[in-house]
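The values are calculated or read from the model by the stated rules, or taken from the named source; none is laboratory data. No experiment lies behind these values; they were computed from the predicted model shown. Glycine also receives a Cβ, built like all others from the backbone with ideal geometry; neighbour counts cover every protein chain displayed.
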Amino acid sequence: MKVTQEVKDLLIHLAKNKKIYLEGNILKILDAEEDEDFRKYLDMCKERDKTARKKRLQVTKQVQNQNKELVNKQEENDALMVDLQDALEEAKNATWEAEKLKEEAEKGKEQALEDLELIQKRSQFELIGMIVRIALIVICGVGLVTTVMYVIAMMTGQDTQIIGSTWSNMFGILLTNAFSIVGTIMGVKYASEKE
């Protein structure tokens, strides 16, 4: 493509004074004809264009590499976020299971304490029952022996005044001791209860 001398001069003037040069595919179609200054101008424009294209290509490649790195980093971040969310979910589940186990342990502890208390009470009641039975057997035995002795003394014609008063005192003492034993047992029973 041919251009007028006026356009050629204007382009050369812009290059010298303003540092503005032509770029791109238009340089391929411009014909310098026999104008040596315009030919130098076009050669300079082609060199600058070639250098600019190389720089743009390097920048483009650099940007593409950075974009690839950014995409890879984004994928890594996404994977880390997924892993983090999974870890948080596992931690939540573990915490929930730990709380559930703790509640079950508390219930088991309460049940064991109730069972222990029941066993202790049963043991206490059995012990108290045994003490009462033995005390009643002793009381009844002493009362029976004393009564038999009093009856034998009466039948044989012996003096019953001493044995009669002894028999009467014995029954008084036995009854007093029986009430004392029962009172002591009941006091121990009520003192050991938790209220």
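Residues satisfying the criterion are absent from the range 75-89 (criterion: of a type in the set (D, E, K, R), part of a helix (DSSP H, G or I) and touching a helix residue (DSSP H, G or I) at 6+ places or on another chain (Cβ under 7 Å)).
One line per residue, one yes/no per condition, for (1) aliphatic (A, V, I, L, M); (2) assigned by TED's automatic domain parsing to the domain that holds residue 12; (3) at pLDDT 90 or above:
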position	(1), (2), (3)
59	yes, yes, yes
62	no, yes, yes
69	no, yes, yes
100	no, no, yes
106	no, no, yes
129	no, no, no
141	no, no, no
148	yes, no, no
151	yes, no, no
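The criterion of being exposed (fewer than 10 other Cβ atoms within 10 Å of the Cβ) and either in a loop (DSSP other than H, G, I, E, B) or in contact with a helix residue (DSSP H, G or I) (Cβ under 6 Å, 6 or more places away or on another chain) (or both) holds for residue 34. Out of (1) under 30 Å from residue 3 (Cβ atoms); (2) assigned by TED's automatic domain parsing to the domain that holds residue 182, what's the single condition that is false for residue 123? Unmet for residue 123, out of (1) under 30 Å from residue 3 (Cβ atoms); (2) assigned by TED's automatic domain parsing to the domain that holds residue 182: (1). Taking each residue of the range 177-188 that is farther than 21 Å from residue 142 by Cα and assigned by TED's automatic domain parsing to the domain that holds residue 135 and looking for partners that are among the polar types (S, T, N, Q) and surrounded by 11 or more Cβ atoms within 10 Å (Cβ to Cβ) with beta-carbon atoms closer than 9 Å, six or more apart or interchain, yields 188/124. When the residues of the range 18-31 are filtered to those that are of a type outside the set (Val, Ile, Thr) and exposed (fewer than 11 other Cβ atoms within 10 Å of the Cβ), the one that is nearest to residue 54 (Cα to Cα) is 24.
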